[in-house]
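Taking it in order: structure first as structure tokens, then the write-up.
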Amino acid sequence: MTSSISSISSTPKLSLRNVRKSFGTNTVLDGIDLDVAEGEVITLIGASGSGKSTLLRCANLLEPLDDGEIFFDGVDIAEPGLDPDPIRRRIGMVFQSFNLFPHMSVTKNVAIGPRKVLGTDKATATTAAVEMLTRLGLADRADAYPDQLSGGQQQRVAIARSLAMNPEVMLLDEITSALDPELVGEVLDVVRGLKADGMTMLFATHEMAFCREISDRVCFLHQGRILEHGPPEQIFGNPQETRTREFLQRVTDAGRF
Amino acid sequence: MDQRTRRQAYEQRQRKRSLIIAFLSTSVVIGAIVVLIPLLPRWDRVRKSFFDGEIFADSFPRLLRAFWLDVQIFAWSVPLIFALSLAIAVSRNTRSPALFPLRAAAVIYTDVFRGVPVILTIFLIGFGVPGLFDSRAWSNPLIWGTAALVLSYSAYVSEEIRAGLEGVHESQRAAARSLGMSTSQTMSTVVLPQALRRIVPPMMNSLVSLQKDVALVSLIGPIEILRQAGLDKSKFANFTPYVAAAVIFLAVTIPCTRIADYLLNRERRRTGATAVS
């Protein structure tokens, strides 16, 4: 496997070069190279601890890199000393554990980003938030508080909160892993909608069937490296690497496929 | 369907039973106190020197007027304590290297003022600081007594606020930062509001404690309720004024703790989180 992964487009939206990250002596990302084209949906699969979440957190500069570059529209955003705030507002992130603000109503959760970060006035931001919630089928929960919602509803609010910033790229970090099985579908429907709208997405997931359905490309991570990547038909139909085959076998044996 | 299930009927019987048992046991305990204590050999003398109705009635209005001074000291102290302790807690949470002196000062401050008894702080500041000035206007014991209370209590309350700040999960910061919020926006819109809700109970405890410690200021001069009670005690050669003062304190502190509990429960209900009993 060569380390460089070229994308389908000549000017990638997001481009990771030799990204390295360790926590103490534990190497989590061991030289990641990845290009994400505009409108492309890339899924990250691999065992727990393979580096999927850290990769997403690094792409959003929530974790500082040890080494490497991250080009966003051709600009290295991992450059030391660069103010990360203006970059983060252009990159949306949705977390496994929702991380909604529990002291704010659902509408305020969605409106707070534009209000504080973009300086949108309260009335405009609130109207936009309600529209966004309506789009995601949550109009009737607009005045509720996060703790009063089901997990699936909370995760949809979290997606709405992120979309309210009008991001150019969405990073989805195992967004259905904390949900009861019957609630996974409503969240995945939202992701389908995003793909239909042409959103660029980097999506770490354990939902293999959905991964197969939605991905333009699938990356299999193993010990902090992208061991194998390609279109879903290839990764799931004819994996080249032994590790990939073993991983997919374990997933199948666990009845998760 | 109005038919109760057997389980519901059983549970209602159980509830009724617990209620009766609680009522009976409370009656027995109160009855024992009322009946047994007066049987003690010298109860009669204690009753005269602590629970004299006439002295109580005579002293009570005077104590109440003196208590107004406690209320004023308290009312001045609370916003000052809140502002100072918030500033200390937030500055201990900063990361910037330029603010190192601020962080160090905050640590030394909390260590020193939590380590010295409140009464000593009141003596040292109340008698010491006025000596720095020529003018008599600066020797008002009210000002320095209040300042000592503020300094002492801010050390405790800032630790409560800091614990509250640290109790807000890291993932909340990550969510706020991922939206593009700056560190200070994250602090003011996401972390601080959650922390403040969390620290209501410990902070109310501190405030109830402060209501009582205001009386310590009497030791450097002002005639507030404790001092007045002492004067009345000497006048009547009877301890009843102290009991009256205690009654006045209780009349204020008990509702305060109840209000704190009520506010906390209302907040829990509003955000939907259920309390585990």
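The values are calculated or read from the model by the stated rules, or taken from the named source; none is laboratory data. Remember, it's a predicted structure, so these values are computed and weren't measured experimentally. Neighbour counts run over all protein chains shown; Cβ positions are idealised from the backbone, glycine included. SASA here: full protein model, heavy atoms, side chains in, ligands and nucleic acids out. Shrake-Rupley method; radii C 1.70, N 1.55, O 1.52, S 1.80 Å.
Residues of A:90-100, mean number of Cβ from any other protein chain within 10 Å of their own Cβ, rounded to a whole number? Please report the intermediate quantities before stating the final value.
Numbers: counts 1, 3, 3, 5, 2, 4, 1, 4, 2, 10, 2.
Counting other chains' Cβ atoms within 10 Å and averaging over A:90-100 gives 3.
So what J values fall out for segment B:177-183 if you push phi through Karplus, 6.51 cos²θ - 1.76 cosθ + 1.60 with θ = phi - 60°, rounded to Hz, Gly and Pro as x?
Couplings: 5, 5, 7, x, 5, 6, 4 Hz.
Taking the simple approach of a point 7 Å from Cα along Cα-to-Cβ for both A:THR127 and B:ASN205, what is their distance in nm?
According to this spin-label approximation, the distance is 4.9 nm.
Using Cα springs under 10 Å in a Gaussian network model of chain B, which residue among B:LEU231, B:LEU24, B:LEU36 shows the largest mean-square fluctuation?
B:LEU24
With θ set to phi - 60°, apply the Karplus curve 6.51 cos²θ - 1.76 cosθ + 1.60 along segment A:103-110 and write out the HN-Hα couplings as whole Hz, x wherever there is a Gly or Pro.
Computed from phi, the couplings for segment A:103-110 are 8, 10, 5, 4, 4, 5, 3, 7 Hz.
Under a straight-distance cross-link criterion of Cα-Cα below 25 Å, which lysines are reachable from B:LYS212, leaving out those fewer than 8 residues away in the same chain?
Filter leaves B:LYS233, B:LYS235.
Give me the net charge for the shell around B:ALA229: Cβ to Cβ below 14 angstrom, other residues only, Lys and Arg +1, Asp and Glu -1.
Once positives and negatives cancel, what remains is +1.
Would you mind classifying segment A:130-199 by shape? Square roots of the alpha carbon gyration tensor eigenvalues, ordered a ≥ b ≥ c; an a/c under 1.5 is rounded, otherwise it is prolate if a/b is larger than b/c and oblate if not.
oblate
Rounded, prolate or oblate: which fits segment B:1-118 when a ≥ b ≥ c are the square roots of the eigenvalues of the alpha-carbon gyration tensor, with rounded for a/c under 1.5 and prolate only if a/b beats b/c?
Because a/c hits 1.5 or more and a/b fails to exceed b/c, segment B:1-118 counts as oblate.
For segment B:114-213, what relative contact order do you get, as a whole percent, if you take Cα pairs closer than 8 Å and at least 6 residues apart?
27 percent
On a straight-distance basis, which aspartates and glutamates could pair with B:LYS48 in a cross-link, Cα separation under 16 angstrom, same-chain partners fewer than 8 positions away excluded?
Straight-line reach from B:LYS48, under 16 Å: B:ASP58, B:ASP232.
Which value, in Å² rounded to 10, gives the accessible area of A:THR252 with a 1.4 Å probe and all protein chains present?
The accessible area comes out at roughly 70 Å².
In nm, to one decimal, how far is the modelled label at B:VAL116 from the one at A:THR25, with both set 7 Å along Cα→Cβ?
Result for the modelled spin labels: 4.8 nm.
For a quick check, take a GNM of chain A with Cα springs below 10 Å and name the residue from A:GLN96, A:GLN234, A:GLN155 with the largest mean-square fluctuation.
Residue with maximal mean-square fluctuation among A:GLN96, A:GLN234, A:GLN155: A:GLN234.
Would you mind pulling out the separation of the Cα centroids of segment A:150-183 and segment B:135-162, in Å?
Between the Cα centres of segment A:150-183 and segment B:135-162 lies a distance of 48 Å.
Per residue, what volume in Å³ does the Cα convex hull of segment B:224-272 take up?
So the per-residue Cα hull volume is 48 Å³.
Quick check: pseudo-label points 7 Å beyond the Cα along Cα→Cβ at A:ARG245 and A:SER150, how many nm apart are they?
4.1 nm
Let me check something: with ligands and nucleic acids excluded, how do B:TRP76, B:TRP138, B:TRP144, B:TRP43 order by accessible area (1.4 Å probe), largest to smallest?
Working: B:TRP76 175, B:TRP138 120, B:TRP144 40, B:TRP43 65 Å².
Result, largest first: B:TRP76, B:TRP138, B:TRP43, B:TRP144.
Go ahead and set up a Gaussian network model of chain B, Cα springs under 10 Å, then flag whichever of B:GLN72, B:GLN185, B:GLN228 fluctuates most.
Maximum fluctuation in the GNM of chain B, among the listed residues, is at B:GLN185.
If contacts are Cα pairs under 8 angstrom and at least 6 residues apart, what is the relative contact order of chain B in percent?
26 percent
Mind listing the long-range amide H neighbours of A:ILE226? Cut-off is under 5 Å, sequence gap 5 or more, other chains count too, H placed in the peptide plane at 1.01 Å from N.
The answer is A:ASP33.
With the cut-off at 1.5 for a/c, could you classify chain B from its C-alpha gyration tensor as rounded, prolate or oblate?
Numbers: a/c = 3.01, a/b = 1.06, b/c = 2.83.
Oblate shape, in that a/c is at least 1.5 and b/c is the bigger or equal ratio.
How large is ³J(HN,Hα) for each residue in segment A:27-32, as worked out from phi by the Karplus curve 6.51 cos²θ - 1.76 cosθ + 1.60 (θ = phi - 60°), to whole Hz, x for Gly and Pro?
7, 9, 10, 10, x, 9
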